[in-house]
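FYI, it's all coordinate maths here, none of it is from the lab. From a predicted model like this one, the values you see are computed outputs, not experimental measurements.
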Ligand SMILES: [Zn+2]
């Protein structure tokens, strides 16, 4: 884990983390290879956000609004993970 920058598997060009986070289907800016974030990574990301939302809703004891609070908190955690964790642990991009 010495290199934290996502890169193109085709030409090894660095891919901006922002693109990786917000566009799951992207294109290498250098060689135009069609890339995507692996499904396992997307699944882990979604699961992590949801579990964190669920735990927070429980800890905050939101009562009858548990479901709404869980989804809202999951969304907040998704934003948090997308802006802080993804740059630290970027996905290995795949060729589409
Ligand atoms: Zn490339």
> Per the helix-only calculation at 222 nm, which mean residue ellipticity applies to the chain, given -39500 (n - 2.57) for every DSSP H run of n ≥ 4 and division by its residues, nearest 500 deg cm²/dmol?
Replying inline: -14500 deg cm²/dmol
> Over the chain, what is the mean sequence separation of C-alpha contacts under 8 Å (at least six apart), divided by residue count, expressed as relative contact order in percent?
Replying inline: 37 percent
> Using Cα atoms only, what is the angle between the long axis of helix 39-60 and the major principal axis of the chain, expressed in degrees (0 to 90) to the nearest 10?
Replying inline: 20 degrees
> With axes computed from alpha carbons, what is the tilt in degrees of helix 66-80 against the longest principal axis of the chain, rounded to the nearest 10 within 0 to 90?
Replying inline: 30 degrees
>> Looking at the chain as a GNM with Cα springs under 10 Å, which of 30, 57, 48 has the largest mean-square fluctuation?
In response: 30
>> Classify the chain from the C-alpha gyration tensor, please: rounded if a/c falls under 1.5, else prolate or oblate depending on whether a/b exceeds b/c.
In response: prolate
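For the stretch 1-45, what class follows from the C-alpha gyration tensor (a ≥ b ≥ c being the square roots of its eigenvalues): rounded when a/c is under 1.5, otherwise prolate if a/b is larger than b/c, else oblate?
Oblate is the answer for the stretch 1-45, as a/c is 1.5 or above yet b/c matches or exceeds a/b.
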